[in-house]
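Asker: Got a structure for you, written out below as structure tokens; questions coming shortly.
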Amino acid sequence: ANTEPVFAALSQPEVRVQQEALKVLVRQPRARDRAVVHALASGEESLIRMSLTALGGECPPQLVPSVLAVLDSPDPELQLLAIRALTESESPAIVPRLLVIVRARRGILRRLRLQTKSPVMLAALDLLARRWSREASVSVAIQLAAASTDADVRAAVGGAG
């Protein structure tokens with residue numbers, strides 16, 4: 001089926017029209033990726049939410065940059081959906097972006113410390129610990145988390161004990 005008219009609807013000013021178009025396009029394997037990239041770049045929260053939800057935990061490599069860009073959103077719900085969409089991805093580009101959420105250099109000595117706990121921080125930490133623990137930069141963050149006084153932070157790296 002020709003999806004071009006539906007893509008045209010995705011660019012309409014009316015958000016409800018865009019949402020209906022996106023619903024159709026994410027169900028079409030050949031059109032999905034292009035529709036998701038468009039939706040993620042739109043800045044429209046409902047479209048971003050719909051497209052990330054449509055991905056589930058299956059983010060094709062070509063969509064990783066678009067999904068990572070959502071991590072810059074001020075909306076923690078969208079950030080969590082983006083992290084969830086990256087669950088199964090093998091892209092090494094994910095690691096540095098998640099580490100920014102998880103840790104920072106702080107204090108006079110600029111030591112690596114964990115960022116303030118939040119649902120987004122814990123989700124990023126959990127994904128790093130589950131998928132990327134062999135990376136040296138990640139294992140440092142995991143060690144910091146495992147030594148944390150916070151049970152939630154320890155639990156995110158599997159050190160709930």
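The values are calculated or read from the model by the stated rules, or taken from the named source; none is laboratory data. Worth saying up front: this structure is predicted, and the values here are computed from it rather than measured. Counting neighbours? That spans all protein chains shown, and the Cβs are built from the backbone with ideal geometry, glycine included. Heads up: the accessible areas ignore ligands, DNA and RNA and are worked out on the full protein's heavy atoms, side chains in. Shrake-Rupley method; radii C 1.70, N 1.55, O 1.52, S 1.80 Å.
Asker: What are the residues in the range 94-115 that are assigned to a loop (DSSP other than H, G, I, E, B) and open to solvent by less than 50 Å² (accessible area, probe 1.4 Å), if any? It would help to see each step written out before you state the result.
Answerer: Filtering the range 94-115 down to residues assigned to a loop (DSSP other than H, G, I, E, B) leaves 107-110, 115.
Selection gives Gly107 alone.
Asker: Could you list, in sequence order, the residues of the range 116-161 that are more than 24 Å from Asp75 (Cα to Cα), of a type in the set (Ser, Thr, Tyr) and surrounded by 13 or more Cβ atoms within 10 Å (Cβ to Cβ)?
Answerer: Result: Ser133, Ser137, Ser139, Ser148.
Asker: Considering only residues that are of a type in the set (A, V, I, L, M), free of Cβ contacts under 8 Å to residues at least 12 places away in the same chain and either in contact with a strand residue (DSSP E or B) (Cβ under 7 Å, 6 or more places away or on another chain) or in a helix (DSSP H, G or I) (or both), which ones fall in the range 128-154?
Answerer: If the condition is that a residue be of a type in the set (A, V, I, L, M), free of Cβ contacts under 8 Å to residues at least 12 places away in the same chain and either in contact with a strand residue (DSSP E or B) (Cβ under 7 Å, 6 or more places away or on another chain) or in a helix (DSSP H, G or I) (or both), then Ala136, Ala151 are the ones that fit.
Asker: Something else: Please count how many residues of the range 14-41 are within 18 Å of Asn2 (Cα to Cα), in a helix (DSSP H, G or I), in contact (Cβ under 8 Å) with a residue 24 or more places away in the chain and of a type outside the set (Val, Ile, Thr).
Answerer: Final tally of qualifying residues: 9.
Asker: Another question, then. Taking the residues in the range 116-127 that are assigned to a loop (DSSP other than H, G, I, E, B) and in contact (Cβ under 8 Å) with a residue 24 or more places away in the chain as candidates, determine which candidate is farthest from Leu81 (Cα to Cα).
Answerer: Lys117
Asker: I'm told Glu88 meets every condition in (1) open to solvent by 40 Å² or more (accessible area, probe 1.4 Å); (2) within 30 Å of Leu10 (Cβ to Cβ); (3) part of a helix (DSSP H, G or I) except one. Can you identify the failing condition by its number?
Answerer: (3)
Asker: Continuing with the same structure: So, in the range 42-61, of the ones that are hydroxyl-bearing (Ser, Thr, Tyr) and assigned to a helix (DSSP H, G or I), which residue ends up surrounded by the fewest Cβ atoms within 10 Å (Cβ to Cβ)?
Answerer: Per the criteria, the residue is Thr53.
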